[in-house]
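This report concerns only the one structure given below.
Derivation of every value follows stated rules applied to the coordinates shown; laboratory data play no part. Fair warning: this is a prediction, and the values are worked out from it, not measured in the lab. Positions of Cβ are generated from backbone atoms using ideal geometry, with glycine treated the same way; all protein chains shown enter the neighbour counts.
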């Protein structure tokens, strides 16, 4: 059977394909795991290259994943920022070989959650396998989508589509909202580069912009906002593509909330919203200058996260200002981030040093 990793959807007469976890539709040999199986037996099978299939209860998969985490932590005990990243990569590699069966858009195990994304993302499949960890992601995404996420600066909820970045902390949004309240420039139009779940666009509309051109290289962002923001279609133009999506418009304002950490490997999925490739900022600044009206402004939301975690000593916006010969700084604001939740299991002592940043740049 042919593997298909994307769903087709029609957006503004252009066919888009949504990103989704790759379904396993071919026959594979599996190690069956159920409640009374010794977890180490399944872990040994994973290490030897076998796949594991959960066959009785959803909770059995949770039990095995927890056992796998404990096992990997004995190999990756470094609690530094990089050590935690290495642990997550090792866990991801093995956990993606633990599978659940999906039949008629439902999980074939007892006491499993109902996940509406199966019918939406996999309409052409009656039966397939998915890694348990990806099912967890689909489940949490469905809950966020149905229940919504309250965004304080908007004073309302958003309902993010699967695979679309949405904020879980809001200091950078508070910085932008404060700046927009004081903004005195033209408000005919603005670019929102990497529109994601649309929060920055909604902030721009809240503060009186007549039109926002939202772009994203993630098709799920475009599909989701096209479905969920139907009452805003007259004010929001959605474009699928990298950075400015080959659009030639010039606007008074360009807002960009780029990833805050440099990539250490090839990126896919939501990783692209968290980590940036080496050429992202140079390409952005080159294009941004071409898309600004006279006296226009570029606003970037960023963080000192890479520097305080010692992932990278270089700051891409400071580098542009020092070497780019395109922009100069008009305003720089910082805001201390709130302490990490006490429920988090990660060592986040570095949060006490983290500052979110708002940069306002104008053309030299």
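The table that follows gives values for the structure above.
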| quantity | calculated |
| --- | --- |
| The chain: angle of helix 81-95 to the longest principal axis, Cα-based, in degrees nearest 10 | 40 degrees |
| Segment 6-145: relative contact order as a whole-number percent, Cα under 8 Å and 6+ apart | 24 percent |
| Calculated over segment 149-363: convex hull of Cα atoms, volume per residue (Å³) | 126 Å³ |
| Alpha-carbon Debye profile of segment 81-139, log10 I(q)/I(0) at 0.13, 0.17, 0.28 Å⁻¹ | -0.40, -0.60, -1.15 |
| Kirkwood Rh, angstrom, segment 25-180 [1 / mean 1/r, Cα pairs] | 17.7 Å |
| Helix 280-290 axis, angle to the chain major axis (alpha carbon atoms, nearest 10°) | 30 degrees |
| Base-10 log of normalised Debye intensity for the chain (one unit scatterer per alpha-carbon) at q = 0.09, 0.12, 0.13, 0.14 Å⁻¹ | -0.58, -0.99, -1.14, -1.27 |
| Segment 93-227: translational diffusion in µm²/s, Stokes-Einstein, Kirkwood Rh over Cα pairs, 20 °C, 1.002 mPa s | 126 µm²/s |
| Distance between modelled label sites at residue 235 and residue 211, nm, 7 Å Cα→Cβ extension | 1.5 nm |
| Binned Cα-Cα distance frequencies in segment 14-111 - 5 Å width, integer % | 2, 11, 21, 20, 17, 13, 8, 5, 2, 1, 0 |
| Residues 63, 330, sorted so that the one with the fewest Cβ neighbours within 10 Å comes first | 330, 63 |
| Gain in span if fully extended, residue 146 to residue 169, counting 0.36 nm per residue against the direct Cα distance | 6.3 nm |
| DSSP bridge pairs, segment 6-145: antiparallel proportion in percent, nearest 5 | 65 percent |
| Contour minus Cα-Cα distance for residue 329 and residue 103 (0.36 nm per residue) | 75.8 nm |
| Ellipticity estimate at 222 nm from DSSP helix runs (n ≥ 4, -39,500 (n - 2.57)) divided over the chain, nearest 500 | -9500 deg cm²/dmol |
| Contact order relative to length of segment 148-203, as percent, for alpha carbon pairs under 8 angstrom and 6 or more apart | 39 percent |
| Distance in nm between pseudo-label sites at residue 59 and residue 125 (7 Å out along the Cβ direction from Cα) | 2.8 nm |
| DSSP-defined beta bridges in the chain - what % are antiparallel, rounded to 5 | 55 percent |
| Of all DSSP beta bridges in segment 149-363, antiparallel share, percent nearest 5 | 45 percent |
| Mean separation of Cα contacts under 8 Å (6+ apart) over length of the chain, as relative contact order % | 12 percent |
